[in-house]
Structure formats: structure tokens, C-alpha cells
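Please treat every number below as a calculation from the coordinates, not as lab data. Given the structure is predicted, the values throughout are model-derived calculations rather than measurements. Backbone-built Cβ (ideal geometry, glycine too); neighbour counts: all protein chains shown.
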Amino acid sequence: MSSSQFTEGDLVFCFPSHWGVRKYDQQRFYRHMGGMGLKGVDFIAIDPHEKGHLYLIEVKNYRTRYREGLVFEAPLKEKGELADIVTTKYKHTMRAIRAIHLFYLRKWWYQLTRQLYLDSKRLQFDVVFWTQAYQLAKQAKRHSFVLWLETEEPAKDYRVELLTEIRKRLPLPINAAIAEQSNSSLPGIEVVNKKNKATKD
């Protein structure tokens with residue numbers, strides 16, 4: 001199956017081609033949202049299968065990186081601190097999705113055509129993507145928050161406790177998960193290190 005690719009730091013995310021995916025800081029709305037102090041997650045993705053599912057994906061890479069002879073180490077944050085950071089990004093992203101919806105509602109033609117966007121599979125178009133993102137975001141069972149966490153060591157206990165802290169900070173019953181290259185909970189998504197991908201290419 002073909003895929004759409006996005007790079008976040010040293011990681012390359014390959015999403016199924018039929019998904020709709022937006023990298024938050026590359027959106028035309030981003031400059032305005034940043035001015036409002038809204039810090040969004042890295043990826044907003046829609047899996048259109050059946051009734052659709054919205055994924056809000058935040059990426060944190062704490063693996064040691066080597067670049068131009070230099071070594072970059074990023075120590076893991078305390079669990080509560082990291083949970084605060086990533087759940088704030090989740091909440092800000094939800095606010096941004098609502099703000100974009102209000103932007104479209106102000107267009108006279110939007111009310112007349114909104115149902116067409118809800119039924120469409122053409123998620124490459126912004127108006128279709130954001131219309132469906134808003135609809136899915138309103139339904140707790142139809143959207144998930146995913147922290148993509150890469151660490152130098154397995155850190156299994158840290159992940160379990162961090163997920164507990166994240167869930168404490170999210171409104172119930174939002175589904176939350178922590179994923180990584182060796183254990184992805186996202187169907188059809190592949191993630192590789194940019195360096196490894198360049199070697200394969």
C-alpha cells in the first residue's frame with residue numbers, strides 16, 4: 001500500500017495513503033493559532049475506515065542523536081511534567097479544531113455544503129479534513145490521543161506510569177496510548193529513523 005510521509009525531527013512517519021494527515025505547524029492556520037498561544041500536537045490524522053477515527057499524535061524523541069560528530073542527549077522528563085506538556089498540547093489542539101470550524105462557519109457557502117464535506121472521502125482538501133476532524137473530535141469514542149515516545153532504554157515502567165498520569169489529565173473517556181517504533185498501537189502506520197531510511201534509499 002502506498003503511503004504519505006512526514007518528517008518530525010529524526011523520525012519519518014509513513015501513514016496509509018487513504019488517511020488524511022496534517023502536520024500542525026505546516027498549516028495555513030498555524031500562524032494565527034500560534035499568535036493565540038495555542039501549541040498543537042505534531043500530527044492530526046483521520047482514518048476514514050467505517051465511521052472514521054481522529055488521532056492526535058504528539059512526538060517526543062529522547063534517543064541519543066549523532067550529528068556532524070556531535071552527540072545530543074535529551075534526558076527524560078519527570079512523568080508528571082511530561083504529562084502536563086503533552087496533555088496541554090492535546091487540549092490546545094482541540095481548541096484549534098473548534099476555532100477552524102468557526103472560521104468555516106462564517107463562510108456563507110459552508111452551511112449549504114457542509115454535509116457534502118462530511119460524506120466526502122477527499123481528505124486532501126482542507127475544508128473536508130477540518131469538517132470531519134471537528135465532527136470526530138466531538139465524539140470521545142471516535143478520537144484518540146497518542147504520545148509517540150522514543151527512548152534510549154525500553155523504560156517499560158516509566159511508560160506505564162506516564163500513561164496513568166496522562167489519563168488523569170484528559171477528560172473521560174478519551175482513549176490515550178503511548179507508542180514507539182517497536183510497539184505501535186496505530187494501525188497501518190510505520191515509523192523509521194531518517195538516517196536508516198536514507199541508508200535504505
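Here the stretch 20-180 is treated as an ellipsoid with the same Cα gyration tensor; its semi-axes, largest first and in whole Å, are 31, 18, 14.
Please tell me the relative contact order of the stretch 20-180 in percent, rounded to the nearest whole number, where contacts are Cα pairs under 8 Å and at least six residues apart. So the answer I get is 28 percent.
If Lys and Arg each add +1 and Asp and Glu each add -1, what is the summed charge of the other residues whose beta carbon sits under 11 Å from the beta carbon of Lys39? Intermediate values should be presented prior to the final figure.
Numbers: positive: Lys89, Lys91, Arg95; negative: Asp25, Asp42, Glu58.
Value of the local net charge: 0.
Computed over Cα pairs, the Kirkwood radius of the stretch 73-155 leads via Stokes-Einstein (1.002 mPa s, 20 °C) to a diffusion coefficient of 141 µm² per second.
Peptides 147-153, 5-11 ranked from most to least packed by the mean count of surrounding Cβ atoms within 10 Å: 147-153, 5-11. Only Cα pairs within less than 10 Å get springs; with that Gaussian network setup on the chain, which residue of Arg63, Arg159, Arg106 has the largest fluctuation? Looking only at Arg63, Arg159, Arg106, the largest GNM fluctuation is found for Arg106. Across the stretch 15-21, coupling constants 3J(HN,Hα) worked out from phi with the 6.51/-1.76/1.60 Karplus curve, θ = phi - 60°, read 9, x, 5, 7, 6, x, 9 Hz, and Gly and Pro carry x. Selection among Tyr55, Ala177, Leu162 by position relative to the dipole of the chain gives Tyr55 as farthest towards the positive end (Cβ unit charges, Cα centre).
Where does the charge balance sit around Pro48 when Lys and Arg score +1, Asp and Glu -1, over other residues with C-beta under 12 Å from its C-beta?
+1
Near Asp126: Cβ cut-off under 10 Å, other residues only, Lys/Arg at +1 and Asp/Glu at -1. The net charge is +2. By the helix-only formula, in which each DSSP H run with n ≥ 4 contributes -39500 (n - 2.57) and the sum is divided by residues, the chain has a 222 nm mean residue ellipticity of -12000 deg cm²/dmol. Each of Ile44, Thr64, Trp108 was scored by the projection of its Cα onto the charge dipole of the stretch 8-109, and the greatest displacement toward the positive side belongs to Trp108; charges sit on the C-beta of Lys, Arg, Asp and Glu.
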